[in-house]
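Colleague: There's a structure below that I have some questions on.
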Amino acid sequence: EAGVVQSPRYKIIEKKQPVAFWCNPISGHNTLYWYRQNLGQGPELLIRYENEEAVDDSQLPKDRFSAERLKGVDSTLKIQPAELGDSAVYLCASSPGETSGVTNEQFFGPGTRLTVL
Amino acid sequence: KQEVTQIPAALSVPEGENLVLNCSFTDSAIYNLQWFRQDPGKGLTSLLLIQSSQREQTSGRLNASLDKSSGRSTLYIAASQPGDSATYLCAVADDYKLSFGAGTTVTVRA
């Protein structure tokens, strides 16, 4: 079974430039998460989707961050404009979802390491 | 707000020694607890998930215990190997949101 796929794996940009990250979850997983992991810390949730609906975006900095999951499968996270403090690893995860009846174990992708210069 | 703490932040042991990694959390009303492994520059690999109704979970050389009343979980790795060197993260689920600790970085010396 294929795992969570993310691209690109690495991205280096100048501050004030836009950047986008892509995620394809495990097939059949209804729930998709975006996390941000700063160096030496654990990941922090940015947004959670149930199918195409963003059910928890309380931690997403909406002035510069946006996300979409138009068909309830793959998702894109965008930052515009990027700031120096956005340098981090952006992780995507998926789980079967609320209606699956199975445990909410989350499976993570390899992440995108963003460096803002 | 759920706070998750992992102590120690780093650990170095000789090969063959058993590893004991600690995780504590402040709110005992949890849905489940997951232990993850993270290799440098990589994503997170799920090791074990313990449901709130369970007290322990085992997989091969790994055993994780959960004591909700005291807000603690312990990950045991038996007979450590150099390949076990990684950062181990504990995460507590409040419904569908995971709150992570900062991790324990383990080095197993050959």
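Computed from the coordinates by the stated procedures, all read-outs in this text should not be read as laboratory data. What you see is a predicted model, and the numbers here were worked out from it, not measured in a lab. For neighbour counting, all protein chains shown are included, and Cβ atoms are generated from backbone atoms with ideal geometry for every residue, glycine included.
Colleague: Take every Cα-Cα distance within the protein assembly as shown, group them into 5 Å bins from 0 onward, and report for each bin the whole-number percent of pairs it holds.
Modeller: Using 5 Å bins, I get a P(r) of 1, 7, 14, 18, 19, 16, 12, 7, 4, 1, 0 for the protein assembly as shown.
Colleague: To check my understanding: the extent here is largest minus smallest coordinate of the Cα atoms along each principal axis. What are those three numbers for chain A, in Å, largest first?
Modeller: Dimensions of chain A along the principal axes of its Cα atoms: 44, 26, 24 Å.
Colleague: Moving on to the next point. Mind checking which aspartates and glutamates have their Cα closer than 12 Å to the Cα of residue B:97? Skip sequence neighbours fewer than 8 apart in that chain.
Modeller: A:44, A:56, A:57, A:105
Colleague: Let me ask you something else. Mind checking the dipole of chain B: about its Cα centre, +1 per Lys or Arg Cβ, -1 per Asp or Glu Cβ, Debye to the nearest 20?
Modeller: Rounded to the nearest 20 debye, it is 60 debye.
Colleague: Still on this structure: Once R0 is set to 30 Å, what does the formula 1/(1 + (r/R0)^6) return for the Cβ-Cβ distance between residue B:46 and residue A:12, expressed as a FRET efficiency to the nearest 0.05?
Modeller: 0.55
Colleague: Hey, another quick one. What fraction of the Cα pairs in segment B:50-110, stated in percent, has a spacing above 19 angstrom?
Modeller: 38 percent
Colleague: I've got another one for you. Set the Förster radius R0 to 25 Å, insert the Cβ-Cβ distance between residue B:76 and residue A:41 as r into 1/(1 + (r/R0)^6), and round the FRET efficiency to 0.05.
Modeller: It comes out at approximately 0.55.
Colleague: Given a Förster radius of 41 Å and the C-beta distance between residue A:2 and residue A:66 as r, what FRET efficiency does 1/(1 + (r/R0)^6) yield to the nearest 0.05?
Modeller: That gives a FRET efficiency of 0.95.
Colleague: Let me ask you something else. Given labels modelled 7 Å from the Cα in the Cβ direction, how far is it in nm from residue B:65 to residue B:15?
Modeller: 2.9 nm
Colleague: In 5 Å bins starting at zero, report the fraction of Cα pairs in segment B:1-106 per bin as a rounded %.
Modeller: Pairs per bin, as whole percents: 2, 13, 25, 26, 19, 9, 4, 1.
Colleague: In what sequence do B:17, A:14 fall when counting other Cβ within 10 Å, fewest first? Could the numbers behind the result be given before it?
Modeller: On the way: B:17 13, A:14 9.
Listing B:17, A:14 from fewest to most nearby Cβ atoms yields A:14, B:17.
Colleague: What is the projected area of the convex hull of the Cα atoms of segment A:48-117, averaged over all directions, in nm²?
Modeller: Value for segment A:48-117: 5.3 nm².
Colleague: Please report, to one decimal in angstroms, the Kirkwood hydrodynamic radius of segment A:11-68 built from all distinct Cα-Cα pairs. Let's see the in-between values first.
Modeller: Working: mean 1/r = 0.0767 Å⁻¹.
When all Cα pairs of segment A:11-68 are included, the Kirkwood radius is 13.0 Å.
Colleague: Pairs A:15/B:1; A:11/B:68; A:71/B:68; A:78/B:42; A:78/B:68: which are spaced more than 29 Å apart, C-alpha to C-alpha? Working shown, then result.
Modeller: On the way: A:15/B:1 32 Å; A:11/B:68 40 Å; A:71/B:68 38 Å; A:78/B:42 21 Å; A:78/B:68 38 Å.
Exceeds cut-off: A:15/B:1; A:11/B:68; A:71/B:68; A:78/B:68.
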